[in-house]
1. Out of all the residues in the stretch 192-234, which are under 23 Å from the mean Cα position of the chain (by Cα), under 12 Å from residue 267 (Cβ atoms), away from the ligand (no atom under 16 Å from the Cβ) and not hydrophobic (A, V, I, L, M, F, W, C)?
2. Got at least one residue in the stretch 71-81 being among the hydrophobic types (A, V, I, L, M, F, W, C), surrounded by fewer than 23 Cβ atoms within 10 Å (Cβ to Cβ) and part of a helix (DSSP H, G or I)?
3. Here are some residues: 258, 270. Which one is surrounded by 18 or more Cβ atoms within 10 Å (Cβ to Cβ) and not aliphatic (A, V, I, L, M)?
4. Quick check on the stretch 361-381: of everything there that is within 16 Å of the ligand (Cβ to nearest atom) and of a type in the set (A, V, I, L, M), which residue is farthest from residue 97 (Cα to Cα)?
5. Would you point out the residue of the stretch 120-138, among those that are within 16 Å of the ligand (Cβ to nearest atom) and more than 26 Å from residue 66 (Cβ to Cβ), that is surrounded by the fewest Cβ atoms within 10 Å (Cβ to Cβ)?
6. Would you check if there is a residue in the stretch 277-295 being within 19 Å of residue 347 (Cβ to Cβ), under 19 Å from the mean Cα position of the chain (by Cα) and among the polar types (S, T, N, Q)?
7. So which of 384, 394 is in contact (Cβ under 8 Å) with a residue 12 or more places away in the chain, away from the ligand (no atom under 16 Å from the Cβ), of a type in the set (Gly, Ala, Ser) and surrounded by fewer than 17 Cβ atoms within 10 Å (Cβ to Cβ)?
8. How about the stretch 170-191: which of its residues are within 16 Å of the ligand (Cβ to nearest atom) and assigned to a helix (DSSP H, G or I)?
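The values are calculated or read from the model by the stated rules, or taken from the named source; none is laboratory data. Everything numeric in this text was worked out from a predicted model, so none of it was measured. So basically every Cβ, Gly included, is an ideal-geometry build from the backbone, and we count neighbours across all protein chains shown.
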Amino acid sequence: MSPAWTKGAAVSLPQPGRITRRQFVARLGCFGATVAAGGLLTGCAAPSFAFSPISIPANASVPLKQVASDKAILFGAATQQWILQSDSEYAKDFVKHCGVLVPENELKWATVEPQPNSFNFAPGDWLADFAAANGILFRGHCLVWHNQIPSWAGRATSAAAIQDQLTNHISQTVRHYAGRAYSWDVVNEAINPDDGRPDYLRKTVWLNALGPAYIDLAFRTAAEEDPNAILVYNDYGLEYETGNAAARRAGVLKLLTGLKASGTPVHALGIQAHLQGTDSFNSSSLASFLKEVADLGLKIFITELDVSDQRLPADIGIRDEIVADVYQQFLETVLQEPAVNTVITWGLSDKYTWLNQFSPRPDHQPVRPLPLDRSLQPKTAIAGMINAFNSSAGRPPLPYVPASTQ
Ligand code: XIL
């Protein structure tokens, strides 16, 4: 099979090497803005497209999970039952590359408990069985969130009734998967500085009814049902140098510090990492944030990695190089922190990415944010990821992975 990244040769750009890949990506802020506005390259300094392409490592065709596990890092992806059931080639690629499976929607509250105390675990069970049958770890996502919840959830005549909804949902769900889900996203996206609270907590139905203590309660309820599961606080928008990202990092750090001080059973931070191909990536703030989180005694999982090409140029070769560059730069940064031991992409193939719907391109071309293209061919992104895994330091073996699969 000829890997798609040989197409990188088609990116014949003037004066290669005049600026670095990273500078190239940075300059796209201007380029991207004009593309998004539907215009040509007016109003910006003429962009220089010279950059060194991603180098293709010798082990570029080794499955991602294997390259990662050589450094005691878990690699996996989110997926959905209907995709695995309807596309056997995709299912084969999933098994080849992934050591972790995360249900993209099947364990969200709206699916699991559409009516009060009436549970539907069939889609989640199908995925848990698929994972077990193929020697893949199964990770639950997500118990408490403000999105994809049924209309009744978080609404009742008393706070006590809302608390019962929350604890019953968590107890029943974690109990059902105890011993099968090695880890859970317990609380998702509880920080939002834009909501204006001094503690940066997001104003949700849960916060409104129960106050900030709902977060501690959620973790304790999950831990009671499965004391062995790795319980994760998961959030987005933490990666960049913007004021908003800095506020989000501050909010998350404050939250985690408070939880640890209260003895809350939280074991890891999940960094979603929905990245933008057009944003320049400066690693220093992220690196020190990761260190502060690790110093709290927490592990760090990259939980929903993808790189949006929404505002990148139309040329597929250029787009793929830039996306690959962001994968490599980001992973090189986060993997410098030894507490980061898990990398999960939000999907595996461009054919099924949520970004087709949530971040479509203005030119209506299909988006290309994931490791495999729409024909399930490996993209330059895989080379970027493997370069980052290759250059990362080894880690202690992961306790929850059977020794035979490490
Ligand atoms: C997304 C799914 O990928 C979509 O299929 C669904 O329609 C909406 O949710 N952050 C999260 C994920 O924590 O649950 C979201 O998943 C993506 C953003």
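1. Of everything in the stretch 192-234, just one residue is under 23 Å from the mean Cα position of the chain (by Cα), under 12 Å from residue 267 (Cβ atoms), away from the ligand (no atom under 16 Å from the Cβ) and not hydrophobic (A, V, I, L, M, F, W, C), namely 228.
2. Checked the stretch 71-81: no residue is among the hydrophobic types (A, V, I, L, M, F, W, C), surrounded by fewer than 23 Cβ atoms within 10 Å (Cβ to Cβ) and part of a helix (DSSP H, G or I).
3. Details: 258 fails: surrounded by 18 or more Cβ atoms within 10 Å (Cβ to Cβ).
Result of the check over 258, 270: 270.
4. The residue in question is 367.
5. That would be 123.
6. Taking the stretch 277-295 and keeping what is within 19 Å of residue 347 (Cβ to Cβ), we get 277.
From what is left, the residues that are under 19 Å from the mean Cα position of the chain (by Cα) are 277.
Filter once more, so that each one left must be among the polar types (S, T, N, Q): none.
Within the stretch 277-295, not a single residue is within 19 Å of residue 347 (Cβ to Cβ), under 19 Å from the mean Cα position of the chain (by Cα) and among the polar types (S, T, N, Q).
7. Values: 384 fails: surrounded by fewer than 17 Cβ atoms within 10 Å (Cβ to Cβ).
Criteria check complete, one pass: 394.
8. First pass over the stretch 170-191, keeping only residues within 16 Å of the ligand (Cβ to nearest atom): 173, 181, 183-191.
Residue satisfying the conditions is 173 alone.
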